[in-house]
1. Counting just the residues of segment 161-185 that are touching an Asp or Glu at 6+ places or on another chain (Cβ under 9 Å), within 19 Å of residue 214 (Cβ to Cβ) and assigned to a loop (DSSP other than H, G, I, E, B), which one comes out most open to solvent (accessible area, probe 1.4 Å)?
2. For residues in segment 17-60 being modelled with pLDDT under 90 and not in a loop (DSSP other than H, G, I, E, B), which is nearest to residue 347 (Cα to Cα)?
3. Would you mention how many residues in segment 104-132 are open to solvent by 50 Å² or more (accessible area, probe 1.4 Å) and either in a helix (DSSP H, G or I) or among the hydrophobic types (A, V, I, L, M, F, W, C) (or both)?
4. If I go through segment 72-103 residue by residue, how many of them are open to solvent by less than 10 Å² (accessible area, probe 1.4 Å) and either at positive phi or without any contact (Cβ under 8 Å) to a residue 12 or more places away in the chain (or both)?
5. Quick check on segment 135-153. Is at least one of its residues surrounded by fewer than 20 Cβ atoms within 10 Å (Cβ to Cβ), over 22 Å from residue 323 (Cβ atoms) and touching a residue at least 24 places away in the same chain (Cβ under 8 Å)?
6. Would you tally the residues in segment 321-349 being out of contact with any Lys or Arg (no Cβ under 6 Å at 6 or more places or on another chain) and open to solvent by less than 30 Å² (accessible area, probe 1.4 Å)?
7. Out of 351, 318, which single residue is at pLDDT 80 or above, closer than 19 Å to residue 286 by Cα, out of contact with any Leu (no Cβ under 8 Å at 6 or more places or on another chain) and of a type outside the set (A, V, I, L, M)?
8. Among the listed residues 227, 222, which satisfies the condition of being closer than 22 Å to residue 142 by Cβ, in contact with a Gly (Cβ under 9 Å, 6 or more places away or on another chain) and among the hydrophobic types (A, V, I, L, M, F, W, C)?
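The values are calculated or read from the model by the stated rules, or taken from the named source; none is laboratory data. Just so it is clear, the model here is predicted, and its values are computed rather than measured. Positions of Cβ are backbone-derived with ideal geometry, glycine not excepted, and every protein chain shown enters the neighbour counts. Keep in mind that these areas ignore ligands, DNA and RNA; they rest on the heavy atoms of the full protein, side chains included. Shrake-Rupley method; radii C 1.70, N 1.55, O 1.52, S 1.80 Å.
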Amino acid sequence: MIYRILFIALLVTGCKTSKIEEVYDINPEVNFNRILQEEVNTPQNETAGISLTVISPELGLDFSGAAGYDSKDKNTTLKAEQPFRIASLTKTFVASAILRLQEQGLLDINDPITSYISEKHISILEKGGYLPGTITLKHCMMHTSGLYDYAEGGPDYIEMASKSPKKRWTRTEQIQFAMDYGKPLALAGKEHHYSDTGYILLGEIIENITQKGLAEGLRTLLKFDALEMNATWLESLENRPVGLLPSVKRYLGNIDASDWDNSVDLYGGGGLSSTTRDLCIFLQGLFNGSIYENKNTLPVMLLQKDFIPKVKGELPEYRLGFGNIRSKTSDVEAFLHAGFWETIFMHFPKYNCSIAINHTNGDSKTLQKVINYVQWLDKNQKRNTQPY
């Protein structure tokens, strides 16, 4: 999932905005609402609805909006405040929580996972042909563990889940599934292979160290309450926040998967529900010093060379919980993650701009259009005399 989005975004940020002859209104809200309406009103698009948040204090942007519907049935108008399952975007939260534990001196990301996971899971991995003592937390965070992805390594898991949508999966069952349906992909640290299996082990580590459970561990370590992320929760492992609107429907092709037991994607590789606004609040907090307490932690997460002296040559596209892209035509870098249910969030440090988009189903050109406008605004805002 992430590589398809990365490729699209690479094309986007590699384009010179001067090639796009757009006429923008002085009011960003007008532009963003127009972009959203264009996407849902274009006949060839299959997207039933889109919600969007863009926050950049430097560019004067603080927008949340939506267009279309919250289901393919098109019975209910989509509202920007409606939450949704964010799937793999959860990985960025999990990686951030692991780094918070490192800040507190409770672990080291270069430690082997065997220092923190159960003997039962160590045994399952060993019987599956792995050398868990050589797999570090950092390997799992960067998807270089060599662990077969139980969720998307092949069609088996989704097929089984679709036949038993009410099944309550356990983490142990998912780890065993990876052993039964796949083999080790590479020695730890040698190759990149996206793996939910590595992230559910990271989720276990958060549980074991905090002794609070994964939901409370994430909420406390990442300061959800202080950031006023009032629409974000680990579904089924903590109570749904009071007063939220109904969740946006989730689809697997033509299958309505909204009522599938969320344990199918819960224990660290996915599981959080949120809104586009809360997702941007999280990114703003992460990149602006409201979550990490050590100024060097974010550079470690992003694998910035000054703080990772052992990194040589080209840095990988996937850092510690984030994908990374850099424009070929300008000095613009973005950190991002995409989710199974057509959700994406990204942050542009150059603009201090966070963008989060959720599609009811399918995808669209919304991301490209939003980035185009942000780049245009950065280039032209000094010419504007009217405040936003």
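1. Across segment 161-185, the extreme among qualifying residues is 168.
2. To start, the set of residues in segment 17-60 that are modelled with pLDDT under 90 comprises 17-23, 25-26, 42-46.
If we keep only those that are not in a loop (DSSP other than H, G, I, E, B) as well, we get 17-19.
Details: 17: 18, 18: 22, 19: 23 Å.
Across segment 17-60, the extreme among qualifying residues is 17.
3. As a first pass, look at segment 104-132 and keep what is open to solvent by 50 Å² or more (accessible area, probe 1.4 Å): 104-106, 108, 110, 115, 119-120, 126-127, 129, 131.
Still in the list and also either in a helix (DSSP H, G or I) or among the hydrophobic types (A, V, I, L, M, F, W, C) (or both): 106, 115, 119-120, 126-127, 131.
Residues in segment 104-132 being open to solvent by 50 Å² or more (accessible area, probe 1.4 Å) and either in a helix (DSSP H, G or I) or among the hydrophobic types (A, V, I, L, M, F, W, C) (or both): 7 in total.
4. Summing the residues that are open to solvent by less than 10 Å² (accessible area, probe 1.4 Å) and either at positive phi or without any contact (Cβ under 8 Å) to a residue 12 or more places away in the chain (or both) in segment 72-103 gives 1.
5. No: segment 135-153 contains no residue that is surrounded by fewer than 20 Cβ atoms within 10 Å (Cβ to Cβ), over 22 Å from residue 323 (Cβ atoms) and touching a residue at least 24 places away in the same chain (Cβ under 8 Å).
6. So in segment 321-349, the residues out of contact with any Lys or Arg (no Cβ under 6 Å at 6 or more places or on another chain) come out as 322-328, 330-331, 334-340, 342-349.
Those still in the list that are open to solvent by less than 30 Å² (accessible area, probe 1.4 Å) too: 322-325, 327, 334-339, 343-348.
The number of residues fulfilling the criteria is 17.
7. Numbers: 351 fails: out of contact with any Leu (no Cβ under 8 Å at 6 or more places or on another chain).
So the residue among 351, 318 that is at pLDDT 80 or above, closer than 19 Å to residue 286 by Cα, out of contact with any Leu (no Cβ under 8 Å at 6 or more places or on another chain) and of a type outside the set (A, V, I, L, M) is 318.
8. Numbers: 227 fails: closer than 22 Å to residue 142 by Cβ.
Answer to the check: 222.
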